[in-house]
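Chemist: Got a structure for you, questions after.
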C-alpha cells in the first residue's frame, strides 16, 4: 500500500525492500528478512533461489507468514484510497470498506454484455433503473451459463476423440518403432503420472532412456517399450510450457503454463493452463492426474492459483509406499502408484 495513504508515516521497518511500500501479507524467510507475499513470490517465480537482501538460499516452502508483523500493520490507521471519501480506519478494514465505498469507481455488473457504464458506486442504483441489460439479466446470464456449459461439453468430446485416436495409435505399437533420440513423447513416472518427456537415448531394442520434461535429470530412467508407460505425445498429457519467460509475471498466463491450482476442497495440485479469457480475466486450468470433467475457469487473481510447486511440492525420491496424499474424499489416504480417480467434491 502507498505510504501516503496512512495517517502517520509508518515505521521504515514495515516497508518491503522490493516495492518500498508497507508490506502486504508479510512473509518471513529463514534468514530473518520479511517481504510482501506477492513481491517475494514474484521474485522466486523468476527462477531466483536466494533471499533478495542477503542472498541466502531460499525456496517457496521456506516462507512463513509473520503473524506479529501482520497484526502490527493491520492496526495502522489509514484513509480511503478515494480522495472524496471521509473514511478513516484500520488498515485491516480498508479492503472491506473499499468494496462498499460509495466513492469507488466501478463498472456496471452487466459490463460483460456490453454496458459501458463506469461511475462511482453511489450512482449505480440510479443507472440500473434505466440499464437495458438489467431488464433482461435473467435471460442473459442463463444464456451465458449455457454457452459455458456447451463449450465445456465440446472440449470434453474433443478430448475423448483425441484420446481414442491416441489409444488406437498406442495399441498398434507401430509408432514406437519410429521413435528417435530427441523425439517428444508421453511417459508415465514411477508414481503413475504422465508427463511430456524427451527420448534422450536408445540403449537397446527393447527400451528407451527418458527425460521427464521439467524435472531434474536425476529422475531420468530407462523404460521398456512394452511396459505400458510410453505413449504418443499428448495422449495423456496436456501441452505444457517447459519454462516461463523470466521477465513475465506468473499471473500473465499463457496457454501451456504450469502452475499450482487448488481444488474445491482446498487441496493443491500441479495444473496446466488450457485457455485464457483476456476479456473477462479468467483462466481455464486442468488439474494434473484428474479427469477433464474437473477442469474449471478461475479468475486470474484467484487465491486458488499459485506459482508452480509453491504448494504441490512432490518428493519424487521417496519410496512409493511413503508418498501418500489426501484424496478429495476427506479423511482417507491413498498411495500415489497411480493417478487419483476419485472425483472432486462439488
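Chemist: Using per-residue counts of other Cβ atoms within 10 Å, averaged over each peptide, order 267-274, 206-213, 147-154 from highest down.
Modeler: Result, highest mean first: 267-274, 206-213, 147-154.
Chemist: Still on this structure: Measure of size requested: the Rg and Dmax of segment 173-232, with Cα atoms as the atom set and Å as the unit; please supply both.
Modeler: Values for segment 173-232 (Cα only, Rg and Dmax): 10.2, 30 Å.
Chemist: Once you have a ≥ b ≥ c as the square roots of the Cα gyration tensor eigenvalues for segment 60-108, tell me rounded if a/c is under 1.5, and otherwise prolate or oblate according to whether a/b is larger than b/c.
Modeler: Because a/c hits 1.5 or more and a/b fails to exceed b/c, segment 60-108 counts as oblate.
Chemist: What order do you get for 131-144, 184-197 when each peptide is scored by the mean count of other beta carbon atoms within 10 Å, highest first?
Modeler: 184-197, 131-144
Chemist: Taking only Cα atoms of segment 3-98, what ratio of Rg to Rh do you get with Rh as the Kirkwood inverse-distance radius?
Modeler: A ratio of 1.03.
Chemist: Working out 0.36 nm times the residue gap between residue 15 and residue 31, then minus their Cα-Cα distance, what length gain in nm do you get to one decimal?
Modeler: Extending this stretch completely gives an extra 4.0 nm.
Chemist: Same structure, new question: Which order do the peptides 219-232, 113-126 come out in when sorted by mean C-beta neighbours inside 10 angstrom, highest first? Numbers along the way, then the final one.
Modeler: Numbers: 219-232: 16.1, 113-126: 13.1.
Output ranking for 219-232, 113-126: 219-232, 113-126.
Chemist: So, one more: Any idea what diffusion coefficient segment 125-277 gets from Stokes-Einstein, in µm²/s, Kirkwood Rh on alpha carbon pairs, 10 °C, 1.306 mPa s?
Modeler: Estimated diffusion coefficient is 84 µm²/s.
Chemist: Mind checking the angle between helix 137-172 and the chain's longest principal axis? C-alpha axes, 0 to 90 degrees, to the nearest 10.
Modeler: Around 20 degrees separate the two axes.
Chemist: Apply the a/c threshold of 1.5 to the C-alpha gyration tensor of segment 46-205 and tell me whether it is rounded, prolate or oblate.
Modeler: It comes out oblate by the Cα gyration axes.
Chemist: Nearest 0.05, what FRET efficiency do residue 145 and residue 249 give at R0 = 25 Å with Cβ-Cβ as r?
Modeler: 0.25
Chemist: Test of understanding: extend the Cα→C-beta vector of residue 220 to 7 Å, then name every residue of segment 154-180 with backbone N under 20 Å from that spot.
Modeler: 179-180
Chemist: Separate question: For segment 142-283, what relative contact order do you get, as a whole percent, if you take Cα pairs closer than 8 Å and at least 6 residues apart?
Modeler: RCO, segment 142-283: 16 percent.
Chemist: What percent do you get for the relative contact order of the chain when only Cα pairs under 8 Å and 6+ apart count?
Modeler: 9 percent
FYI, it's all coordinate maths here, none of it is from the lab. None of these values were measured; they are calculated from a predicted model. Using ideal geometry, Cβ is built from the backbone for each residue, glycine included, and neighbour counts are taken over all protein chains shown.
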